[in-house]
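For reference, the structure is listed below as structure tokens.
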Amino acid sequence: MQSGEIPDSAITASSSYEDSSVGPKNARIRTEKNGGAWCPKPVIARDTYEYLQIDLSQLTVITMVEIQGRFGNGQGQEFTEEFLLEYQREDGGEWMRFKNKRGEERFEGNDNTYLAELREVEPPIIAKRIRFIPYCRNPRTVCMRVEIYGCKWEDNVVSYSMRQGEKRAADVDLFDFTYDGIILNNYLFDGLGQLTDGEVGETNFRLDPQDLGIKGYEWVGWRNDSLDQEGQPVEIIFKFESIRNFSSVIINSNNYFSKEVRVFRMAMIYFSTGGEFYQPNAIKFDFVRDTLVEYARPVMIRLNNRIGRFIKLQLFFDARWLLISEIQFISELAKGSFTVESPPPTTLSPSTPAQRHVVNPPVFDFEVDKDSGARVEIGPDTHVPLNEEHLVPEEKKSFEDKYIGIIIGTLSALILLLSLIVLIVILRYRRRKQNNNRRNLKPCVDHVTMNLNDLQSSINGKILNGNMYNGVPSDDMDSDREFDSRDYAIPDVTKSALVVALPPLRGALHTPVRPNGTNALDKPPTYDALYAASDVVSTHVPNISSLQGVSGNSIYSVPNADLLLTIDLSVVEFPRGNLRFIEVLGEGQFGEVHLCEAVNIADYLPEDYFMNRNANRPVLVAVKMLRKNADDKARADFQKEIRIMSQLKDPNIVRVLGVCTMEEPLCMIVEYMKYGDLNQFLLEHVPESPVAQAANAKMLSYGCLIYMATQIASGMKYLESLNMVHRDLATRNCLVGTNFTIKISDFGMSRSLYSADYYRIEGRAVLPIRWMAWESILLGKFTTKSDVWSFAVTLWEILTFARDQPLDGLLDEQVIENAGHYYRNDNKQVYLPHPPICPKEIYDLMRECWKRQESERPSFREVHMFLQRKNMGYNPKDEKMNQIKVPVC
């Protein structure tokens with residue numbers, strides 16, 4: 001709109017207050033022309049239907065829209081509080097109302113006349129025309145300026161028709177939730193949905209990574225025994241805008257065979273120009289069953305330049321369940337003239353193959369429901385229930401009458417057997433219910449319960465600055481935020497510990513521990529014992545120093561933070577209007593972390609910042625935002641965080657790129673990387689192997705893994721040189737960029753995705769105990785050497801592709817108890833196991849980093865040098881990124 005690519009003739013409206021000054025042609029965003037916006041003639045209220053219509057002239061993928069009120073050179077006062085979107089995909093087709101993934105129709109609008117608001121359209125709209133519909137709860141005059149972001153729809157699909165997906169379990173629905181066509185009698189037709197939205201599902205379909213409250217959202221699934229006939233395939237009919245020349249089709253299918261899910265056994269693909277009759281010479285594709293790798297994968301089928309406007313895709317089951325996430329066609333406009341298929345020359349019985357591939361397009365009629373009197377739109381493909389006597393052959397009825405008793409008896413026996421199996425499974429489940437689940441949220445408790453078997457006495461505890469880990473300030477007690485933490489701390493400082501301080505051990509069985517080596521640990525103060533030998537002791541202490549960064553992320557600390565107040569803040573002020581919101585990464589009590597695109601940010605960065613300044617495209621950034629209701633302390637902490645982070649300049653640490661402090665809300669802009677965090681990046685890949693290569697899986701070589709670990713060690717060496725401590729080093733706090741570039745970040749703790757990685761104690765404070773050194777857990781002592789311990793755990797994550805949580809077989813309380821074994825030095829401590837692809841010298845390095853004595857652990861300078869030597873000769877450009885994605889644009 002702003003660029004003028006859309007002509008004035010393509011912009012129309014239902015009405016205008018005055019066409020010459022505030023007509024639809026004036027609705028271009030950030031443009032002051034005539035009256036300065038489009039203003040509909042009537043006052044807008046809840047039941048008013050006025051729209052601004054834009055003709056895009058071709059099928060377009062719309063991923064974002066932007067809206068602005070009428071500024072009118074300072075005279076305007078009109079804007080819309082909310083708005084809706086409608087779209088039309090085919091000429092003369094129905095107008096469809098947009099709904100997001102949660103089923104919501106309304107978008108938030110403006111609250112002033114001058115600031116433009118960017119709104120994400122998710123799932124993307126695929127349409128030729130779009131309407132902006134203003135909406136107000138109370139009657140008011142409205143004016144609008146708009147912008148549309150998107151690109152041409154290369155797939156050219158205008159609709160697909162198929163049977164609706166099915167429910168897998170009580171909390172797993174494998175439906176096509178975003179389908180925008182007609183849904184009638186469990187059949188979908190004349191619309192698009194999740195199979196063309198560009199989102200590829202994770203292998204574990206029982207997760208909810210988007211936090212929608214819908215497990216399995218990215219997948220559409222069918223069960224083989226729920227179809228009309230045994231062995232019947234799943235049939236999907238695709239309609240395209242024009243006749244196409246097809247090169248290939250990519251079907252993203254799940255192969256989680258341990259859960260009765262496999263890739264389809266065979267695919268049959270039929271082509272048609274007219275859509276009524278299909279060409280008999282179908283393409284047949286047989287998939288070789290993979291019994292080794294369970295990961296979901298894209299399956300490419302070559303279509304050999306076949307011509308058609310309609311495609312019928314039949315997928316045959318190879319297990320009980322078939323799950324499809326995305327289907328993408330590679331094609332181009334067919335050249336030449338083509339005729340519509342003729343009907344078969346002779347009448348064939350319904351059982352012959354040729355007849356089975358004749359599909360009549362939906363022809364709609366209306367039938368009156370005898371009970372309700374309502375008109376029901378029906379067609380041959382809608383599966384509307386008719387009189388069963390006309391649907392069931394006489395032979396079938398005779399068979400059912402004859403064998404009905406046998407069938408009922410067999411089913412009864414099966415039901416009894418299944419009930420017995422379910423009862424056994426439930427009993428086994430209850431026994432194992434206490435095991436940790438890496439991605440399940442752990443319940444918050446009112447107090448901590450711990451039991452270290454050989455330590456006795458009740459809690460007393462050392463208090464530092466009036467605070468302990470075992471409680472929280474009253475303002476934190478009322479907070480709803482669950483994921484509050486602070487990654488970076490002043491080095492060599494003992495904070496209040498989770499167990500505060502362990503007591504000296506008494507008696508013959510409680511001789512004070514004499515650590516091996518020449519450097520003994522600092523002797524903790526004498527208290528009453530913290531744990532009972534056989535009892536679970538509950539601690540309930542009222543105060544704890546807040547560990548939360550104001551925006552939910554981690555915060556840095558330096559040896560003398562007060563000196564920072566005297567340093568001039570050398571961070572550029574970046575225009576807020578150049579930030580385009582994408583999604584929320586995380587949140588805290590007083591702020592949020594947003595993923596955004598920064599436009600023209602290269603013009604504001606100093607010369608020492610390395611980037612491609614010639615590329616005229618937005619840059620991904622993370623924006624830490626302080627909410628307007630933040631108190632003075634939070635504002636001071638936010639300013640302090642900006643000062644600390646602005647001093648960090650290392651290629652393997654995220655840098656501050658700019659700030660927005662001229663108006664509320666205050667924002668700090670930091671780097672973000674193309675492929676997101678390292679934890680998710682690893683989960684999407686598998687170790688390099690011939691089997692993985694044959695399955696077209698995304699692979700990483702051992703050299704690449706060590707290359708990424710070396711960069712993490714380099715960034716930590718830089719922090720070590722500044723005497724700074726990270727406190728939450730893990731793959732979730734590392735970002736991955738092009739050519740496997742790694743930058744250490746601080747967003748992991750604010751993300752709900754990683755809530756299970758943190759141990760909750762009273763007041764909902766959280767600690768990453770599975771990554772923490774024993775002295776950090778028990779004594780609250782954080783040093784650069786405790787970061788070395790965390791680095792070794794992070795290295796273990798990398799070499800295991802983050803498949804398991806560290807010490808996954810232990811409950812959180814057992815992890816704390818394991819730290820107690822380190823303290824007592826009784827040789828009962830449990831180590832992380834040797835990863836299968838890890839050489840002995842690398843695992844030996846991990847064990848060195850997990851030494852009981854801090855002084856015996858290597859420094860990051862030594863770790864970095866060691867890994868560099870092990871990775872000599874590796875060139876990341878030789879590694880195929882192999883990022884198989886199905887982008888919508």
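The values are calculated or read from the model by the stated rules, or taken from the named source; none is laboratory data. Worth saying up front: this structure is predicted, and the values here are computed from it rather than measured. Here the Cβ is made from the backbone with ideal geometry for all residues, glycine too, and neighbour counts use every protein chain on show.
Any residue at all in the range 638-647 that's in contact (Cβ under 8 Å) with a residue 24 or more places away in the chain and part of a strand (DSSP E or B)? Within the range 638-647 (the criterion being in contact (Cβ under 8 Å) with a residue 24 or more places away in the chain and part of a strand (DSSP E or B)), the answer is no, since none of the residues qualifies. Each residue in the range 681-724 was checked for being touching a residue at least 60 places away in the same chain (Cβ under 8 Å) and closer than 30 Å to residue 288 by Cβ, and 18 pass.
Is there a residue in the range 120-133 that is free of Cβ contacts under 8 Å to residues at least 60 places away in the same chain and on the phi < 0 side of the Ramachandran plot? Scanning the range 120-133, I find at least one residue that is free of Cβ contacts under 8 Å to residues at least 60 places away in the same chain and on the phi < 0 side of the Ramachandran plot, so the answer is yes.
Looking at 324, 311, 330, just one residue is in a strand (DSSP E or B) and surrounded by fewer than 18 Cβ atoms within 10 Å (Cβ to Cβ), and that residue is 330. Yes or no: residue 330 farther than 12 Å from residue 244 by Cα, among the β-branched types (Val, Ile, Thr) and in contact (Cβ under 8 Å) with a residue 12 or more places away in the chain? It is false that residue 330 is farther than 12 Å from residue 244 by Cα, among the β-branched types (Val, Ile, Thr) and in contact (Cβ under 8 Å) with a residue 12 or more places away in the chain. Restricting attention to the range 146-184, the residues being in a strand (DSSP E or B), β-branched (Val, Ile, Thr) and in contact with a Leu (Cβ under 9 Å, 6 or more places away or on another chain) number 5. Please go through the range 234-291 and pick out each residue that is part of a loop (DSSP other than H, G, I, E, B) and more than 31 Å from the chain's Cα centre (by Cα). Those that are part of a loop (DSSP other than H, G, I, E, B) and more than 31 Å from the chain's Cα centre (by Cα): 273, 274, 275, 276, 278, 279, 280, 281, 282.
Can you tell me which condition residue 205 does not meet? The list is (1) aromatic (Phe, Trp, Tyr); (2) farther than 28 Å from residue 89 by Cβ; (3) part of a strand (DSSP E or B), and all the others hold. It is condition (3) that residue 205 fails.
Taken over the range 53-99, the criterion of being basic (Lys, Arg) and closer than 21 Å to residue 136 by Cα is satisfied by 70, 97, 99.
Which one of the conditions (1) part of a loop (DSSP other than H, G, I, E, B); (2) modelled with pLDDT under 85; (3) among the charged types (D, E, K, R) does residue 562 fail to meet, given that it meets all the rest? Of everything listed in (1) part of a loop (DSSP other than H, G, I, E, B); (2) modelled with pLDDT under 85; (3) among the charged types (D, E, K, R), residue 562 misses just condition (1). Only a single criterion out of (1) of a type in the set (D, E, K, R); (2) in contact (Cβ under 8 Å) with a residue 40 or more places away in the chain; (3) outside any helix (DSSP H, G or I) is not satisfied by residue 817, namely (3). Residues in the range 849-869 that are of a type in the set (D, E, K, R), surrounded by 18 or more Cβ atoms within 10 Å (Cβ to Cβ) and part of a helix (DSSP H, G or I): 854 only. A Cβ distance below 7 Å, combined with a sequence gap of six or more or placement on separate chains, defines the contacts here; from the range 164-184, residues that are within 13 Å of residue 196 (Cα to Cα) reach residues that are of a type in the set (Ser, Thr, Tyr) and in a loop (DSSP other than H, G, I, E, B) in the pairs 177/217. Residues in the range 116-142 that are within 29 Å of the chain's Cα centre (by Cα) and among the hydrophobic types (A, V, I, L, M, F, W, C): 116, 118, 121, 125, 126, 127, 130, 132.
Going through (1) in contact with a His (Cβ under 6 Å, 6 or more places away or on another chain); (2) part of a helix (DSSP H, G or I) one by one, residue 829 falls short only on (2).
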